1. Label the chain by shape, choosing from rounded, prolate and oblate, from the square roots a ≥ b ≥ c of the eigenvalues of the Cα gyration tensor; if a/c is under 1.5 it is rounded, and otherwise prolate applies when a/b is larger than b/c, oblate when it is not.
2. According to the square roots a ≥ b ≥ c of the eigenvalues of the Cα gyration tensor, what is the shape class of region 35-165, taking rounded for a/c under 1.5, prolate for a/b larger than b/c otherwise, and oblate for the remainder?
3. In region 159-292, what % of DSSP beta bridges are antiparallel (nearest 5)?
4. Within a 10 angstrom radius of the beta carbon, how do TYR61, TYR222 rank from fewest other beta carbons to most?
5. In region 306-394, which GluC sites (Glu not before Pro) fall in coil by DSSP and have 10 or fewer other Cβ atoms within 10 Å?
6. Checking the a/c ratio against 1.5 first, then a/b against b/c, what shape does the Cα gyration tensor give for region 262-314?
7. Scan around GLY43 for amide H atoms under 5 Å from its own, H built in the peptide plane at 1.01 Å from N, and keep only partners 5 or more places away or cross-chain.
8. Sort MET398, MET313, MET168 so the one with the fewest other Cβ atoms within 10 Å of its own Cβ comes first.
Amino acid sequence: MKKALITAGGALAAAGAVRALRRSREGFPQPRSGGRRVLILGGGFGGFYTALRLGERLKSYAGTSVLLVARDNFFTFQPLVPDVISGNTEVRHIAIPLRRHLHRAGVNFLRAEVEGIDLENRIVQTSRGPLEYELLVIALGGQPAYFGVEGAEEHSLRLWDIRDGLRMRNAVIGRFEEAAALRPDDYPPGLLTFAVVGGGYSGVEAAGQIHNLIHKGIRPDYPWVDYGQVRLVLAEGLPEILPEIDPALREVGRRRLTNLGIEVHTGDFVSEVSPEGLSFRSGEFIPARTVLWSAGGRGSEVLESMTAEKDKMNRIVVNERLQLPGHEGVWALGDAASAPGPDGNPVPPTAQGAVQESEVVAHNVYASLTEGEPREFEYRPLGQLIEIGGAFALSEVMGWKLSGTLGHALERAVHLQRLTDRQKRVRVLMDWALDYVFPPDTSDLGL
């Protein structure tokens, strides 16, 4: 009798699971195939949001297939990548499955590396073979810019995606493993010095997250290390860090870094990165065995062989409609594009810029398919959000300027709202709640 009840219960549970699975798939349109092909290259903010918005517009328009091609099968919520360093946000929770969301929008997906773009013959070369297109959206993102600094690429880590955040985290933990095996007098110079090059958003946030990892997670687990030799340095060649934000908030941010014990080194550009540390143009040298390079970006190397006009940072120059001049039916956005801004300067290569651009690109692609009227892009800065170590952030949103705990609350609320996946919102919120209770994990995952 007991076995029969268990079997019946299992059957009911299985039936419930099947019904739930069926319900979860209801409303999933079949990705369109055949007809006119729209090819979207890149699964970051620009490509992902363009695909979702274009798919929504095409629901009642037959005869067009949309294919997004990306290296990874997930979209990374880039603003929370620095959180990966401290571990206060689980890696998988800021990686959003592309297929799940694209299929809901009726968009096809191909996981492949883009290797070349032939604008004249309307062919894209990928690691899975050539793809022809009628309309093309280039949203390939970017890569770190090293500005010709000797040794920068070879001897520094970067912070461009989730994997980079994990590598930096593991590098910090690894240095403390080295220190734990030595007497303090035997530490090599710069063993416990962690230098971040670049005083923009990601550099400042990364410095704060390294501080969190060391003092909230590592310190309790490595009590015998000499913390008097721990040194955090933020190096910025310009006279000020965070040059894009309000001067008053900038000063608050600098004071916050100083109060955390992070040395802010400004007005002197790095001239060389070696395994031993940083050399500056002034002749100063800072011993540092771990360097994170966060000094800006440039367009993807795939763009270098394209015949289109590009700026000095290898970004494709586009017009007010985000279209490539002289190439009908080809658009570019995000880190791949140099789009005209309201002040005559290019639109900043940020997530909010790419999201705004995606709205115009999706509209203009649809207009091209339906012989509609295209729109011109007008960038609207929505504000800045910068977390600096723990429950502290600088927030400038819709005219509101907040710092400290209130700024942090606003920063967290905005990021949660911008996460496109509801399940991920819940998981990230739980991560943050647990982070207030438990110290960060210090497992070195060996990436």
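Values in this text are rule-based calculations from the coordinates and carry no lab data. Remember, it's a predicted structure, so these values are computed and weren't measured experimentally. Reconstructed Cβ throughout: ideal geometry from the backbone, glycine too, with neighbour counts over all protein chains shown.
1. Taking the square roots of the gyration eigenvalues as a ≥ b ≥ c, the chain is oblate.
2. Because a/c hits 1.5 or more and a/b fails to exceed b/c, region 35-165 counts as oblate.
3. Bridges in region 159-292 that DSSP calls antiparallel: roughly 35 percent.
4. TYR61, TYR222
5. GLU328, GLU371
6. prolate
7. Under 5 Å from the amide H of GLY43: ARG71.
8. With the sparsest Cβ surroundings first, the list reads MET398, MET313, MET168.
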